Structures are given as structure tokens and as C-alpha cells.
Amino acid sequence: MKNMFLRTRTTGIKAGFPASHFLCPSKIGGRAKRRGYVLTVFRFDFSPFGRRPLVPFSVFRFIILFSVLTLASCVDEVQFANTPEGNMEALWKIIDEHYCFLDYKAEAIGLDWNEVHARYRGKLNKKMTSTQLQEVLCNMLGELQDGHVNLYTAADVGRYWAWKEGYPSNLNDEIRELYLGNDYRIAAGLYYRILDDNVGYIVYHSFSSGIGEGNIAEVLHHLRLCSGLIIDVRGNGGGQLDYAQRLASHFTNERILVGYRSYKTGTGHSDFSELTPEYLEPSTTIRWQKPAIVLTNRGCYSATNTFVRDMLCCPNVRTLGDSTGGGGGMPFTSELPNGWLVRFSACPQFDKEKQHIEFGIAPTIPCELKTEDVLKGKDTLIETARELLGKR
Amino acid sequence: MTLAILSMPLRLVAQSAGDSIRTHSFVLGIGSSHQLDTYLSPLNYTGYQVSFLRETLRMTRLANRRVSFQSLWQGTFSQTSNISGTTTDWGAHIGYDALWHYNWTPVQGLRLMAGGAIGADAGVLYNSRGGNNPAQGRVNVDISASVMAIYKFRLWRQDLSFRYQANMPLMGVMFSPQFGQSYYEIGTGNANGNACFSQPGNAFSLWQQFTVDIPVGKYVVIRTGYLCDIRQSHVHGIKMHDRSHSFMIGFVKHFRNVGREKRKVADVIL
């Protein structure tokens with residue numbers, strides 16, 4: 001290819017530049033030619049003030065290199081089109097790169113995320129409605145079997161709730177209300193009273209309801225003469241991890257290892273940080289020294305799952321009821337080109353044996369709510385816990 | 001401001017050693033903003049940005065009075081939304097740069113400047129629908145290269161000044177969470193690897209401004225111009241860009257330091 005030359009006469013700015021104002025081409029460097037490279041370079045000697053170039057060639061080389069570097073250095077992300085295909089591809093990619101249980105669930109439930117892509121890609125068509133698209137995408141997310149995975153649209157919240165809906169609830173709210181009676185006390189999110197057999201009873205409906213050290217200290221002080229304590233977190237779907245750890249910290253006298261956590265360090269399914277140990281620090285206020293039983297069911301999820309994990313590491317604490325629902329991954333959010341919001345597990349948690357707690361934690365004492373007890377207005381789990389605490 | 005710079009060599013000769021001229025300017029800008037932060041969302045966000053730029057420029061005694069010092073404060077606020085308009089990002093940032101330029105005056109009316117800078121920036125980008133990843137913090141300290149060209153000419157009996165300036169960070173240290181690391185995790189003390197070495201290969205950024213100073217009346221100098229601020233990074237698998245283009249307008253003030261020996265006692269307040 002021939003070297004290209006350009007000679008252009010331009011009009012000087014009257015007030016500032018002399019009349020001799022040229023853009024002059026000249027030769028390119030010969031080294032590239034000698035090496036056999038084919039190279040075409042424009043060279044402009046900006047010489048408004050005489051023959052001597054005002055700006056040397058090296059500066060122009062730098063400018064060209066700089067411009068190329070600028071264009072090549074744009075940091076961008078692939079933007080999918082707002083079509084059924086584009087939204088599905090965007091969702092699949094988000095999960096593929098950010099979801100933290102793909103490897104674990106491939107082993108535990110045989111999940112093949114690439115196969116899921118191929119299967120659901122075939123269910124799309126360009127004429128499908130928004131509702132139909134939502135159904136397809138929710139079904140695709142359902143393959144993950146994760147209660148922390150949701151698809152939020154203007155019309156609905158896509159969800160996977162089989163972790164609790166497919167099991168007995170082991171909870172009757174009306175009967176639980178009977179145990180609380182009418183004279184129960186409320187300290188922030190804690191509902192509590194002393195039962196007839198001198199057993200303390202605390203119900204915590206949601207870890208989204210805030211509790212402070214002062215609240216917990218007041219509750220435990222009120223219950224200090226009880227022979228034991230029942231903490232009922234059945235149906236508690238989670239909330240703030242801080243509240244869970246704050247409550248659990250009143251049941252240990254020393255710093256104890258309760259589990260581990262990790263996070264993703266890259267887009268690969270196995271890209272994780274090293275496990276970080278999680279410790280439970282003892283509270284500096286009142287600490288419970290007597291037996292305690294935590295009532296659990298499949299409705300215990302997310303932060304409640306972590307609370308149960310932590311409590312099981314505390315001395316004098318047992319759990320009674322059904323397995324927790326799970327939810328052992330801290331969720332992140334992202335979004336699709338059509339504006340739908342997707343939530344997914346991003347940071348896995350483990351118990352102190354470094355085992356996943358995503359599918360729940362088994363109780364120390366398995367117990368089911370019996371129909372005959374319900375008919376009598378009795379809660380089997382509460383009665384069993386009272387009996388165990390009373391035996392002591 | 002550039003009027004003062006261009007006339008500095010002549011004035012400095014005529015003045016005593018204690019005299020110097022400082023040029024202060026304050027401009028406000030409004031323009032467009034194009035943002036991406038894959039820690040928050042894979043989508044591009046577009047919207048507006050308002051900003052201010054506070055600048056001080058003066059000659060120093062270094063290299064036989066051929067080195068100038070420039071101080072730059074910049075603050076921005078942006079509001080952007082995704083393509084479907086369902087989510088809003090709010091961003092704020094403040095930064096400071098101290099720059100030293102060597103000055104050449106090849107011909108009368110033209111001044112070329114090249115040098116380096118030390119700067120620091122801090123900012124935050126908040127996503128209105130984020131869960132455990134609702135915001136992204138940005139902190140960085142950089143060493144930059146900087147070039148500037150100032151050209152002065154007379155038009156319609158007015159001394160106009162054109163200026164172009166470009167700053168590009170060459171190396172520095174920046175904060176970034178790991179790919180899937182939550183701020184909860186960082187807050188618990190597990191913050192290893194969150195301070196990263198930055199260089200054009202992983203954090204190419206470029207700050208450019210083109211300004212025109214126009215005298216209005218005897219004492220007022222209006223500055224108007226265009227500011228192109230490109231900030232990017234690709235660290236720990238997190239892609240970020242924040243590109244803004246702003247129209248700037250403000251005013252310029254010149255101050256002369258007359259030196260201690262020239263001050264009259266009656267004029268000194270403190």
C-alpha cells in the first residue's frame with residue numbers, strides 16, 4: 001500500500017497566526033518499512049510560524065496513539081435488547097455470572113444451567129406478551145429452587161416458595177395467640193410473657209422488626225426467674241442479619257465460631273473467596289444461662305436460618321420442630337432491559353462444619369404439630385418444649 | 001484567568017520579587033451523564049449532571065518562574081435512569097487536583113504547558129432499587145499527566161483567551177469491592193484486596209476542558225466552555241464508566257499579591 005500524502009492550505013486566523021499556515025504531510029518512519037510491515041500514516045507538521053515544525057512528529061505520533069488508546073479503552077458492558085430474547089439472555093447471564101450456588105446445586109439437585117438455557121430459549125417467541133414472558137422467566141428461575149430468587153415486575157413477584165409450601169407448616173397462628181394471651185409484653189419486635197409453668201416464651205415474627213440491646217436486656221431481665229426459655233421463630237422469614245446476631249449473642253459467654261461465609265470473586269461458577277470464619281461475640285449486657293429451646297419450622301428462612309445456625313452453637317440451646325427452610329445466601333439485586341428487578345443469592349453461608357445451609361438446618365429435636373393437639377387448642381411443639389424444660 | 005497568565009512574564013519583570021498574580025475562577029456546569037456500574041446493574045444509565053469547578057492558577061518561582069501551579073476543586077451531582085425508566089441512580093463526587101505545569105511561550109499569544117498532578121477523588125453512586133448492593137463507593141488517589149494550551153487574540157476590541165486542558169491519570173490507588181463482595185462483608189473487617197493499583201490499562205480516565213474567557217466591561221471576565229469528564233475502571237471484574245459532557249459558565253477574578261514590604265500599615269486589616 002502506498003504511503004498517502006496530504007497537503008492542505010488553510011486560512012490562518014488573522015489576529016494570531018502569520019500568513020504561512022500549512023498542514024504539511026511528510027514521510028513516515030522507515031523502520032516499519034524495512035521490517036516489511038505495511039503501514040500507512042498521516043503526518044501533519046503544524047508549522048504556522050515558519051519552516052521549523054512547531055510540534056515535532058513524535059507529538060503527533062503520541063496524539064494518534066493516544067486517540068486509538070482512548071477508543072480502545074472504553075469500558076462497556078453488553079447491552080441486551082428489550083425483547084423476549086434479550087431479556088431472557090440478560091437474566092440467564094446475570095445468574096450465570098453472579099449466582100453463588102450453581103456448582104453446589106449441580107451436585108445437590110443435578111442443576112445444569114447451560115441445559116436450562118437451551119430448554120427455555122426454545123419457549124420464547126417474538127409475539128409473546130409480557131405476562132407470558134414473565135411466566136417463562138419465573139419458571140427458568142424456579143429451576144434454581146431458591147427462595148431468595150425473585151423476579152419483580154409491575155404486576156407480580158415471581159417466586160419459588162416450595163421450600164415451605166411443600167411441607168407441613170407445624171404452626172397454627174390462632175393457637176400461638178392463645179399461648180401469648182392478652183397480657184403479653186412487646187419489646188420492639190419481641191412478643192413475650194411467662195407461661196403458667198414458669199417458662200419464658202418469646203415470639204419473634206420477623207427479623208425485619210428491629211431490636212436493640214436494651215430491648216433484649218429488658219426481656220431477659222423480666223424472664224430471669226423462669227426455669228427455661230422458649231424462643232418461637234416459626235414463620236419468621238428473615239430480615240436483618242444484625243438483629244439475628246444481636247439476639248443470639250445473649251446466649252453465649254464467650255466468643256464462639258458459628259460458621260463461615262464467602263463471596264464470588266469472578267464470573268466463573270467456582271470463583272469464590274476463601275471462607276471467612278464468623279464468630280459470635282457475647283453480649284456485654286444480660287446473658288441467658290438457663291436452658292433455651294428455639295422452635296423452628298420450614299418457614300424459618302434467610303436471617304432466621306442464620307439465627308438458628310448461631311443458636312445451635314450456643315451452650316444450653318436446642319432447636320425443636322421441623323428443619324428450617326434454608327436460604328443460606330445473602331441476596332443481591334440486578335435488573336433486565338425491560339426494567340424488571342431480579343434478586344438472587346450472591347454470598348453463600350456455611351455452618352461451622354463448612355457445610356452449606358442453603359437447604360435448611362435440621363432440628364435437634366424433631367417434632368410435628370399433631371392434629372389431635374390442634375383440636376384441643378394445644379401446640380405440640382410448645383408443649384413438648386415446656387415438658388423438656390420442666391424436666392430439668 | 002488566561003489574560004493574567006499571558007501577561008505574567010511582562011508584569012513579573014516589572015514587579016518586585018514579592019508580587020504575583022493569582023487567578024481564581026468559579027464555573028458551574030450542566031450537561032449529560034452516561035453511567036455504568038456492573039456492581040449495581042448491567043444496564044447503562046443516562047441522565048443529567050450538574051457540577052462546579054473551582055480553580056486557582058499562579059506562577060511559582062520554580063525553574064526560573066516557568067512553572068505554574070494550578071489548584072482544581074471539582075464537585076458533581078448526577079441523576080440518571082435506566083432505559084426503561086424504572087430505576088434511578090443518584091451520584092455525587094468531589095475531587096481535588098494539584099497540578100504543576102512547565103510553561104513554554106514559543107510566540108506571543110500562545111502558551112503551551114505540560115506537567116503532572118496529584119489528585120484525590122471520593123464519590124458514591126446510589127441505586128434506588130438495590131437490595132444488599134444498593135450503592136457503590138468510589139475513592140481514588142492518582143498521579144496524572146496534564147497538558148494545557150492557551151491562545152490569546154484580540155477580536156472586536158476585546159482580548160479573548162482560548163484554553164484547552166487535558167488530564168489523564170497514569171497511576172494510583174483506588175478502592176473497589178471484589179466482584180460479589182457486599183459492603184456488609186467489608187464492614188465486618190474483611191477488606192483484603194479492596195485497594196487496587198490503577199493505571200490506564202484498568203482505569204483509563206480522561207478529563208478535558210475547553211474554555212473561552214470573555215471580558216465584559218472593565219472588571220468582569222466571563223468564562224464559558226465545555227467539560228468532558230471520562231472516568232472508567234475495570235477492576236475485580238466490575239466494569240464502571242461515568243462519562244459526562246457539560247456546558248460550563250462562570251467568572252474569573254485576578255488577585256495580585258503585593259508582598260509584605262509594599263503593604264501600607266493603614267491598608268492592613270489583620
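No lab work stands behind these numbers, since they all come straight from the coordinates. None of these values were measured; they are calculated from a predicted model. Positions of Cβ are generated from backbone atoms using ideal geometry, with glycine treated the same way; all protein chains shown enter the neighbour counts.
Applying both filters, DSSP loop and at most 14 other Cβ atoms within 10 Å, to the trypsin sites (Lys or Arg not before Pro) of the range A:173-256 gives A:R224, A:R255. Each residue of the range B:118-130 was assigned a 3J(HN,Hα) from its phi angle through the Karplus curve 6.51 cos²θ - 1.76 cosθ + 1.60 (θ = phi - 60°); the sequence is 10, x, 9, 9, 9, x, 8, 10, 10, 9, 6, 10, x Hz, with glycine and proline shown as x. Scanning chain B for trypsin sites (Lys or Arg not before Pro) that sit in a DSSP loop and have at most 13 other Cβ atoms within 10 Å, the longest stretch containing none of them is B:62-156. Please work out, to two decimal places, the log10 of the ratio I(q)/I(0) at q = 0.07, 0.08, 0.10 Å⁻¹ from a Debye calculation in which every Cα of chain B carries one identical scatterer. Values returned for q = 0.07, 0.08, 0.10 Å⁻¹ are -0.31, -0.40, -0.60. Sorting B:L227, B:L206, B:L28, A:L295 from the fewest to the most surrounding beta carbons within 10 angstrom yields B:L28, B:L206, B:L227, A:L295.
Bridging of B:K253 to aspartates and glutamates at a Cα separation below 16 Å is possible for B:E55, B:D159, B:D213, once same-chain residues fewer than 8 apart are set aside. Note on B:105-111: average number of Cβ atoms from other chains within 10 Å of each residue's Cβ is 3.
Among residues other than B:N44 with Cβ under 13 Å from its Cβ, the summed charge is -4 (Lys and Arg +1, Asp and Glu -1).
Taking other C-beta atoms within 10 Å as the exposure proxy, B:T60, B:T80, B:T211, A:T371 rank A:T371, B:T60, B:T80, B:T211 from fewest upward.
With neighbour counts taken as other beta-carbon atoms within 10 Å, the residues A:E274, A:E213 rank, fewest first, as A:E274, A:E213. Cross-linked pairs A:K105/A:K352; A:K93/B:K239; A:K164/A:K376; A:K105/A:K264; A:K93/A:K164; A:K93/A:K123: Cα-Cα separations exceed 23 Å for A:K164/A:K376; A:K93/A:K164. With a 10 Å cut-off around each Cβ of B:233-239, the average count of Cβ atoms from other chains is 3.
The distance separating the Cα centre of the range A:157-171 from that of the range B:142-165 comes to 68 Å. Sites listed here are chymotrypsin sites (Phe, Trp or Tyr not before Pro) in the range A:123-172 whose DSSP assignment is loop and whose Cβ has at most 15 other Cβ atoms within 10 Å: A:W161. The trypsin sites (Lys or Arg not before Pro) of the range A:322-361 meeting both criteria, a DSSP state outside H, G, I, E and B (loop) and at most 13 other C-beta atoms within 10 angstrom of the site's C-beta, are A:K354.
Would you calculate a helix-derived [θ] at 222 nm for chain B, using -39,500 (n - 2.57) for each DSSP H run of n ≥ 4 and dividing by the full residue count, to the nearest 500? Computed ellipticity for chain B at 222 nm equals -1500 deg cm²/dmol.
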